[in-house]
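So the structure is just underneath, and the comments pick up after that.
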Amino acid sequence: MAYRKFRGTKLFTGKSWAPQDSVLITQSNGQVESIVPIAEAGDDIQPVEGIISPGFINAHCHLELSHMAGKIPPHTGMIPFLLSVMTHRQASIEAIQEASYHADQQMQQEGIVAVGDICNTLNSLDIKKLSTLKYHSFVEVSGFIGATAQNRFEQARTAWQKFREIGPASISPHAPYSVSPELFQLINDFDPGTLLTMHNQESKAENDFFISGQSPMRDLFTAIGVNVDFFEPPGTTSMQAVLSYLNKAAKLILVHNVVTSPDDLAFLQKQPIGETYFCVCPGANQYINQSIPPGFLLKSQVDKIVIGTDSLASNHQLSITEELKLLAGFYPEIPLEHLLQWATYNGAKALNMENKLGSFEKAKTPGVITLKDWKVTRLL
Ligand SMILES: [Zn+2]
């Protein structure tokens, strides 16, 4: 059997650094055999420049929004951004699919091997069918008016049936401020033990809507013609207001968490909910309102942080490397080992893909990449 043997400047396993002078041995199809000291690796070792790592996991993307690249200018702030997405969503299916295809290719070149992808439509279905990337499709549902819940949910279920034919899929809520208690209930009851995701605490406006009710979030509802006069702010942050609605999921990926506080984290840890991951998308946070996920969260939740690019509507590229580089710029004290763990093993575990992806362990096929000067090269 033909083996491939790689020796880089350093070798990251997905969980930690391998001892210096380790060699990664895989089968020709990329299936991991072992990591051994160079003295035991035999001949035909391929020397590579840079850090060797398992392929990256993009835990939050919206492939179907790829055609919006460059359409919304940076730094508009959250509410104008959300309104712009609504007005720019429309395009021909050909244009949407062509842009999605190129985005999928870009992710592969960037060393990404799996994606947690939000779907509001079926527009990404054909691209995913053909892709070599592994996708978990999160069919997203929203509706802040309780009377629309059943209808919205049925539409999502129809889409979910299509996506689950081509890979893992679940029906997920959009965000605390866009889902009614009735709709949360339908989502929570639908598939107990599943994996869910939700945009969470992406802006101060979101928290304020729940804490005091005085928030620019109201302008968003006015602009889309939804009367929210009935809404009584519960006086807590958005996360604290809705977490109990998601208590049947085995895993939950909360996305953004820009205004999540230590108090929110303490609250979450007391809740009877599933394993919770925090997906950070610093590129999109910078693009929309020049914010960044809080350092306390990154430093206290090392085993629960995962990385997402969000969409090309709110980012310049779909590159996990660029996300890591941004985090390293804002938080130079965070060890590279942690950044890489978030982008590999943690992401795979959050998406239920750790049996195959995320780390160099025997029989897995996680992809092999090198990282040098924040540039990725794919080896396998
Ligand atoms: Zn998103």
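The values are calculated or read from the model by the stated rules, or taken from the named source; none is laboratory data. If you're wondering where the values come from, they're calculated on a predicted model, not measured in any experiment. Positions of Cβ are generated from backbone atoms using ideal geometry, with glycine treated the same way; all protein chains shown enter the neighbour counts.
Residues of segment 207-226 being more than 25 Å from ASN188 (Cα to Cα) and over 28 Å from the mean Cα position of the chain (by Cα), which ones?
SER212, GLY213, GLN214, THR222, ALA223, GLY225
Does segment 313-333 contain at least one residue that is in contact with a strand residue (DSSP E or B) (Cβ under 8 Å, 6 or more places away or on another chain), buried (at least 24 other Cβ atoms within 10 Å of the Cβ) and charged (D, E, K, R)?
The answer is yes, given that some residue of segment 313-333 is in contact with a strand residue (DSSP E or B) (Cβ under 8 Å, 6 or more places away or on another chain), buried (at least 24 other Cβ atoms within 10 Å of the Cβ) and charged (D, E, K, R).
Modelled with pLDDT of 95 or more, of a type in the set (S, T, N, Q), under 18 Å from TYR177 (Cα atoms) and in contact with a Pro (Cβ under 8 Å, 6 or more places away or on another chain): is that true of THR260 in this structure? Reasoning before the result, please.
On the way: modelled with pLDDT of 95 or more: yes; of a type in the set (S, T, N, Q): yes; under 18 Å from TYR177 (Cα atoms): yes; in contact with a Pro (Cβ under 8 Å, 6 or more places away or on another chain): yes.
So THR260 passes the test.
Of these, GLY274, GLY283, GLY308, which one is buried (at least 24 other Cβ atoms within 10 Å of the Cβ) and over 20 Å from ALA205 (Cα atoms)?
Result: GLY308 is the single residue among GLY274, GLY283, GLY308 that is buried (at least 24 other Cβ atoms within 10 Å of the Cβ) and over 20 Å from ALA205 (Cα atoms).
Please go through segment 176-189 and pick out each residue that is without any contact (Cβ under 8 Å) to a residue 60 or more places away in the chain and either closer than 30 Å to ILE79 by Cβ or not assigned by TED's automatic domain parsing to the domain that holds PHE144 (or both). Break it down stepwise before answering.
Initially, segment 176-189 is screened for residues without any contact (Cβ under 8 Å) to a residue 60 or more places away in the chain, giving 178, 180, 182-183, 186-187, 189.
Within segment 176-189, SER178, SER180, GLU182, LEU183, LEU186, ILE187 qualify.
Report yes if GLU64 is closer than 20 Å to PHE6 by Cβ, of a type in the set (D, E, K, R) and either within 16 Å of the ligand (Cβ to nearest atom) or touching a residue at least 12 places away in the same chain (Cβ under 8 Å) (or both), otherwise no. Step through it out loud before you land on a result.
Working: closer than 20 Å to PHE6 by Cβ: no; of a type in the set (D, E, K, R): yes; either within 16 Å of the ligand (Cβ to nearest atom) or touching a residue at least 12 places away in the same chain (Cβ under 8 Å) (or both): yes.
It is false that GLU64 is closer than 20 Å to PHE6 by Cβ, of a type in the set (D, E, K, R) and either within 16 Å of the ligand (Cβ to nearest atom) or touching a residue at least 12 places away in the same chain (Cβ under 8 Å) (or both).
Could you tell me which residue of segment 225-272 is nearest to the ligand (Cβ to nearest atom), considering only residues that are in contact with a Leu (Cβ under 8 Å, 6 or more places away or on another chain) and part of a loop (DSSP other than H, G, I, E, B)?
Looking at the filtered set, the residue picked out is ASN257.
Would you list the strands (runs of 3 or more DSSP E) that sit entirely within segment 31-83 and hold 1 or more residues that are buried (at least 24 other Cβ atoms within 10 Å of the Cβ)?
51-54, 56-61
Evaluate segment 84-94: report whether one residue or more is part of a helix (DSSP H, G or I), touching a helix residue (DSSP H, G or I) at 6+ places or on another chain (Cβ under 8 Å) and either away from the ligand (no atom under 16 Å from the Cβ) or on the phi < 0 side of the Ramachandran plot (or both).
Yes, because at least one residue in segment 84-94 is part of a helix (DSSP H, G or I), touching a helix residue (DSSP H, G or I) at 6+ places or on another chain (Cβ under 8 Å) and either away from the ligand (no atom under 16 Å from the Cβ) or on the phi < 0 side of the Ramachandran plot (or both).
Hey, among the residues in segment 286-298 that are part of a loop (DSSP other than H, G, I, E, B) and free of Cβ contacts under 8 Å to residues at least 40 places away in the same chain, which one's farthest from GLU202 (Cα to Cα)? Don't jump to the end; show me each part of the working.
Initially, segment 286-298 is screened for residues part of a loop (DSSP other than H, G, I, E, B), giving 290-294.
Restricting the remaining residues to those that are free of Cβ contacts under 8 Å to residues at least 40 places away in the same chain gives 292-294.
Working: ILE292: 10, PRO293: 9, PRO294: 11 Å.
Here the residue is PRO294.
Quick one: in segment 109-133, of everything that is farther than 13 Å from LEU63 by Cα, touching a strand residue (DSSP E or B) at 6+ places or on another chain (Cβ under 9 Å) and not in a loop (DSSP other than H, G, I, E, B), which residue is nearest to the ligand (Cβ to nearest atom)?
It comes out as ILE112.
For segment 161-184, enumerate the residues that are more than 16 Å from MET239 (Cα to Cα), assigned to a helix (DSSP H, G or I) and polar (S, T, N, Q).
Answer for segment 161-184, where residues must be more than 16 Å from MET239 (Cα to Cα), assigned to a helix (DSSP H, G or I) and polar (S, T, N, Q): just GLN161.
Of GLN109, GLN97, GLN90, which residue is surrounded by fewer than 16 Cβ atoms within 10 Å (Cβ to Cβ) and modelled with pLDDT of 95 or more?
GLN109
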